[in-house]
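*Asks:* Sharing a structure below in structure tokens format, with a few things to ask.
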Amino acid sequence: MVVLSLARPRAPPVTMSCVTFVNPLEVDGFAEPDGWGTTPAAEKPVLYFLPGMDGSLSTPFMQYCELSTTFELACMQHTDGLESRATFDELSAACADAIAASVADGRQVLLVGESFGATLALAAAHELQARESLAGVRGLVLVNPATSYRRSTLAAVGPLIAALSGPLFAPLYYLALVAFAALVLTPV
């Protein structure tokens, strides 16, 4: 997928293979013709929202209308939806690419991550810092960060579960997800 900016094009388009960024108000049909605020989207800072592990954009849904008065919303979605097998490094690189493109276009950015998305936001910010593209990022908000991910059972078992693909392994994949969720969500 190619991302083009309508603002001030100064950087080449960025190709992202595993994620895309959408405005959930437009996707769900709630966008107003002239936007919810009075400032054109190209003049607003961009709020990049990285969701939790499920990839759902529904958690902050009630805040989107108000946030869109101040920010242009850019919420991450997996290109392949629930079928995505992108690695953490691929996700963080794709997010960093999108944010760097906005910064190169002269846009101010607020990076918000929720749960797993908070860990992803930290990794993307770290990658942007290494690229020296962090100048336009004005803030990093971590909501319920899953910062112990690398020490978690999910980090050890998740890649094995994700490797179960193909028609013969599909039932095992879904069964493994349910079993893993029961393991993680069951109190001791």
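The values are calculated or read from the model by the stated rules, or taken from the named source; none is laboratory data. Here the structure is a predicted model, which means the values were calculated and not measured. Every residue, glycine among them, receives a Cβ derived from its backbone with ideal geometry; neighbour counts consider all protein chains shown. Just so you know, the surface numbers come from the protein's heavy atoms only, side chains and all, with ligands and any DNA or RNA stripped out. Shrake-Rupley method; radii C 1.70, N 1.55, O 1.52, S 1.80 Å.
*Asks:* With the condition being surrounded by fewer than 18 Cβ atoms within 10 Å (Cβ to Cβ) and of a type in the set (Ser, Thr, Tyr), I'd like the helices (runs of 4 or more DSSP H) fully within the stretch 62-180 carrying at least 1 qualifying residues.
*Replies:* In the stretch 62-180, 153-162 are the helices (runs of 4 or more DSSP H) which contain 1 or more residues that are surrounded by fewer than 18 Cβ atoms within 10 Å (Cβ to Cβ) and of a type in the set (Ser, Thr, Tyr).
*Asks:* Out of SER133, SER56, SER115, which single residue is modelled with pLDDT under 85, of a type in the set (Ser, Thr, Tyr) and either farther than 18 Å from CYS18 by Cβ or touching a Gly at 6+ places or on another chain (Cβ under 7 Å) (or both)?
*Replies:* After applying the criteria, what remains is SER133.
*Asks:* Also, I was wondering about something else. Just to check your reading of the model, which residue among VAL19, VAL27 is open to solvent by less than 70 Å² (accessible area, probe 1.4 Å) and either modelled with pLDDT of 55 or more or hydroxyl-bearing (Ser, Thr, Tyr) (or both)? Reasoning before the result, please.
*Replies:* Numbers: VAL27 fails: open to solvent by less than 70 Å² (accessible area, probe 1.4 Å).
Residue meeting the stated conditions: VAL19.
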